[in-house]
1. With r as the distance between the Cβ atoms of Val182 and Ala107 and R0 = 25 Å, compute the FRET efficiency 1/(1 + (r/R0)^6) and round to 0.05.
2. Which ³J(HN,Hα) values in Hz, rounded to whole numbers, follow from the phi angles of the range 43-49 under the Karplus curve 6.51 cos²θ - 1.76 cosθ + 1.60, where θ = phi - 60° and Gly and Pro get x?
3. Where the centre of each part is set by its Cα atoms, how far does the range 99-138 sit from the range 57-90, in angstrom?
4. Can you count the Lys pairs in the chain with C-alpha separation below 28 Å, eight or more apart or on different chains?
5. With each label point set 7 Å from Cα along the Cα-Cβ vector, what nm distance links Arg194 and Thr174?
6. Using label points projected 7 Å from each Cα along Cα→Cβ, tell me how many nm separate Glu210 and Ala135, to one decimal.
7. Sorted by packing (mean other beta-carbon atoms within 10 Å per residue), highest first, where do 23-34, 214-225 land?
8. If each DSSP helix of 4+ residues adds -39,500 (n - 2.57) and the sum is divided by the residues in the chain, what number results at 222 nm, nearest 500 deg cm²/dmol?
Amino acid sequence: MPPPTRLILDIEVSDTPLIRKAHAYAQTTYDPFTYNHIMRSWLFGTLLITQRLTPSQQQTFDHEAFAIATLLHDLGWALDNPRTTPLISTDKRFEVDGANAARAFLAREAPDWAPVRVQLVWDAIALHTTGSIAAHKEPEVALTAAGIRVDFWGRGDFATGRGVTWEVYTRIATEFSRAGFVDGVKEIMCQLCRQKPQTTFDNFVRDFGEKYLREEGFTLEGNRGVDRVEGAVVFP
């Protein structure tokens, strides 16, 4: 059954002790612009649940896993945040670092969670930037990515043509300000390209390196899929 709920901006969001712990962890861990981003994503995703799922599907949907995945999905991206730096590896994509950090949170706070639920949260975070795959996973994974995508791309959910009204979008973006979001994302993505470029070659982060860091030496040359295929050693 769906968990208890509470209202944020008149939007009914899931409310359990574990979700509150995840929310508190987010508040004390993220910088302000990232915190506002995950809150907007949570609210947008929650609205999309009612659009995409039938009432019976909503009854079986893991609302708690969805909320936790959305609230904790960016633990792996801020290299200069002293609260998240210990969570970040030198050799993994930021999405994987975030998924691993969320899994560690669940191990601490919910050791009785079934492994399948932990994996659901891990997958939702690891795949949140890969919408073309996430859309074909479990609804919790797909809707985590969809809510985040609405915040990045604007009101419309481009995968389905459905989204939220401008009135609701503006209300959410006013309460959880977008101030500094674009510049903040740009700086974080560029930091990732500078400090661990090998983790960016197969995801969208590389686009920031290509656009802004060419003069600093960032290049995809030799690291694109086509380069690797054409440069492969072929045995007879």
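1. On the way: r = 34 Å, r/R0 = 1.37.
FRET efficiency, Ala107 to Val182: 0.15.
2. Per-residue couplings from phi come out as 5, 4, x, 4, 5, 5, 4 Hz.
3. 8
4. Eligible lysine pairs with Cα atoms under 28 Å apart amount to 9.
5. Result: 3.7 nm between the two label points.
6. If labels sit at Glu210 and Ala135, their model points lie 2.1 nm apart.
7. Numbers: 23-34: 17.3, 214-225: 11.5.
Packing order, densest peptide first, comes out as 23-34, 214-225.
8. Values: 12 runs with 135 residues, N = 236.
Only helices count here, giving -17500 deg cm²/dmol.
Computed from the coordinates by the stated procedures, all read-outs in this text should not be read as laboratory data. Predicted, not measured: the structure shown is a model, and the values here were computed from it. All Cβ positions, even for glycine, are placed from backbone atoms using ideal geometry, and neighbour counts span all protein chains on display.
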